[in-house]
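Encoded as structure tokens, the structure appears first; notes follow it.
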Amino acid sequence: MLTKIDHVDTFKRYGKVKKVVGLMIESQGPESAIGDVCYIYTNGKEKDVYIQAEVIGFKDEMVILMPYTNINDIAPGSLVESLGKPLEIKVGPPLIGKVLDSMGQPMDGSSLPKALGTVLTEQQPPNPLSRPPIDERLEVGVRAIDSMLTVGKGQRIGIFAGSGVGKSTLLGMIARNTKADLNVIALVGERGREVREFIERDLGPEGRARTIVVAATSDQPALMRIKGAFTATAIAEYFRDKGLNVMLMMDSVTRVAMAQREIGLAVGEPPATKGYTPSVFAIMPKLLERTGTNHKGTITAFYTVLVDGDDMNEPIADAVRGILDGHIVLDRALANKGQFPAINVLKSVSRLMGHLASNEHKASAADIRNLLSTYLNSEDLINIGAYKKGSSPEIDRAIQYYPKILSFLKQQTDEKISLEESIQSLIQLSEKGEW
Ligand SMILES: Nc1ncnc2c1ncn2[C@@H]1O[C@H](COP(=O)(O)OP(=O)(O)OP(=O)(O)O)[C@@H](O)[C@H]1O
Ligand SMILES: [Mg+2]
């Protein structure tokens, strides 16, 4: 206890606002580090009226701050107090079922439940050497994924898709069907209406009851949108440290990158690839490496990545794909045909499936991939009637299997299928052409 008192920081750090340009506040002092939270007292004196801001950089001995909220009443000379630490949030099991903002406050304006712990939103990723390997499968309850792209507890996967091809619907299905202990879902950069739609339609009461949603809508300042991602990750970490298997879903990591770009450009970073600044590429691993396994529990994570015109080589897609252990590609052509979930199995990969699946399961999955690819390679010939039945036993088999495979990969949004069921169906499909 006494040693604790020794470490209590009673020294208050103050500064003064000198300049405000757009969302950037320049202040002389206080002594602080990047990421520290500051209060800016809007009446010029230390009292209860303040806005919260964060130190995002330094310039010519000035501290550059960005506010968490929209600013109105800041004036030259406003007092700035540094808390000497980054943003903290309250977290605990009573948050399950709630929708929070980026600061961890309930969006419906209610007050936080009692008996919550405090965590920093910025954390170091677990030491790579102390991370247990991923060797247990996690049921997500979507047949195409469980059978063809089996996911492990603690695996991190990107969902690459254009707009309107079914990301939200798929995330909702996973949230409702998965065997993970709880879900944490970060909605970053969506419009308010979309957040509501997701919670009511895609997640539904059943999904909501086992989920903590963190929402940072597009009208929020860039810093808040980034914080949404970090807050959700910190909440997932809290439950991982309690020994749970957590499912984290982030929609979308592209919007997090865009928010960081806004901040980067505002502090004068040079734009690099496609206008993204270097700090965007620095923040990605910092965020994405925090999930996965640690010695207590696991965070399985799905990150959606927006790909314009299905361009998978767009810089954010490229950076994210390099960090994660697999990707699921949602294909507009499939969605247009009503094939939902619109997962393009041939373009998707779970890098851990080889390690997680039985030999029989792997052989069946490889067989189905083969059949799909054989069919698609000859599709044009088949469609114009140029393929003569009997000329290739392989193509004949592919033609016979194709409609069955498509129906196997389809799933109604309210359909819940267990991992074992999916694998058994896959094996049967490969062996008998029926499932
Ligand atoms: N499994 C499914 N079964 C039937 N229809 C689906 C399914 N998944 C998606 N859809 C259809 O696709 C539409 C778009 O889906 P969704 O909103 O999930 O896409 P999104 O990628 O999240 O879109 P946005 O880019 O706008 O966020 C839905 O309104 C629905 O009609
Ligand atoms: Mg959506």
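The values are calculated or read from the model by the stated rules, or taken from the named source; none is laboratory data. Quick caveat: nothing in here was measured; it's all calculated off a predicted structure. Every residue, glycine as well, gets a Cβ built from its backbone with ideal geometry; the counts of neighbours run over all protein chains shown. These accessible areas exclude ligands, DNA and RNA; they are computed on the full protein's heavy atoms, side chains included. Shrake-Rupley method; radii C 1.70, N 1.55, O 1.52, S 1.80 Å.
Shown for the range 297-432 is the translational diffusion coefficient from the Stokes-Einstein equation, using the Kirkwood radius over Cα pairs, a temperature of 10 °C and a viscosity of 1.306 mPa s: 94 µm²/s. With R₀ fixed at 56 Å, the C-beta to C-beta distance from Asp219 to Ala386 puts the FRET efficiency at about 0.55.
Taking Cα atoms, how many degrees apart are the long axis of helix 419-432 and the longest axis of the chain, rounded to 10 and kept between 0 and 90? Between helix and principal axis, roughly 30 degrees. Using a simple spin-label model with pseudo-atoms 7 Å out from Cα toward Cβ, Asn359 and Leu376 lie 2.9 nm apart. Between Val320, Val184, Val17, the residue with the greatest mean-square fluctuation in the GNM of the chain (Cα pairs under 10 Å linked by springs) is Val17. Taking θ as phi - 60° and the Karplus parameters 6.51, -1.76 and 1.60, the scalar couplings of the range 52-60 work out to 9, 9, 10, 6, 10, x, 9, 8, 6 Hz in sequence order, x denoting glycine and proline. Surface calculation, 1.4 Å probe, protein heavy atoms: Val20 sits at approximately 70 Å² accessible. In terms of its Cα atoms, the range 68-117 spans 42, 24, 15 Å along the principal axes, sorted from long to short.
How compact is the range 12-101 by the rule of thumb for globular proteins, expressed as Cα Rg over 2.2 N^0.38 Å?
1.15
With every protein chain in place and a 1.4 angstrom probe, the accessible-area ranking of Arg210, Arg255, largest first, reads Arg255, Arg210. Given R0 = 41 Å, the distance between the Cβ atoms of Gln400 and Asp241 translates into a calculated FRET efficiency of 0.20.
Can you work out the FRET efficiency for the pair Val267 and Ser407, with r the C-beta to C-beta distance and R0 = 60 Å, to the nearest 0.05?
Efficiency, rounded to the nearest 0.05: 0.70.
Spin-label model, Ser163 to Val49: label points 7 Å out along the Cα-to-beta-carbon direction sit 4.0 nm apart. Remark: C-alpha extents of the range 266-326 on the principal axes read 40, 30, 15 Å, sorted largest to smallest. Per residue, the average separation of C-alpha pairs within less than 8 Å and at least 6 apart gives the chain a relative contact order of 16 percent. Between the helical axis of 359-383 and the longest alpha-carbon principal axis of the chain there is an angle of about 70 degrees.
Taking all protein chains as shown and a probe of 1.4 angstrom, Lys432 keeps an accessible surface of around 130 Å².
For the range 154-187 and the range 373-435, what is the separation of their C-alpha centers, rounded to whole Å? Value for the Cα centre distance between the two parts: 25 Å. P(r) for the range 219-361, from all Cα pairs and a bin width of 10 Å, is 11, 34, 34, 18, 3, 0 %, short bins first.
Angle of helix 253-266 to the longest C-alpha principal axis of the chain, folded into 0 to 90 degrees and rounded to 10: 30°.
Relative contact order of the range 49-191, taken over Cα pairs closer than 8 Å and 6 or more residues apart, is 14 percent. Across the protein chains, with a 1.4 Å probe defining accessible surface, the residues Arg156, Arg369 rank Arg369, Arg156 from largest area downward. For the range 362-435, the relative contact order works out to 42 percent when only alpha carbon pairs closer than 8 Å and six or more residues apart are counted.
Shown here are the Rg and Dmax of the Cα trace of the chain, at 24.5, 87 Å.
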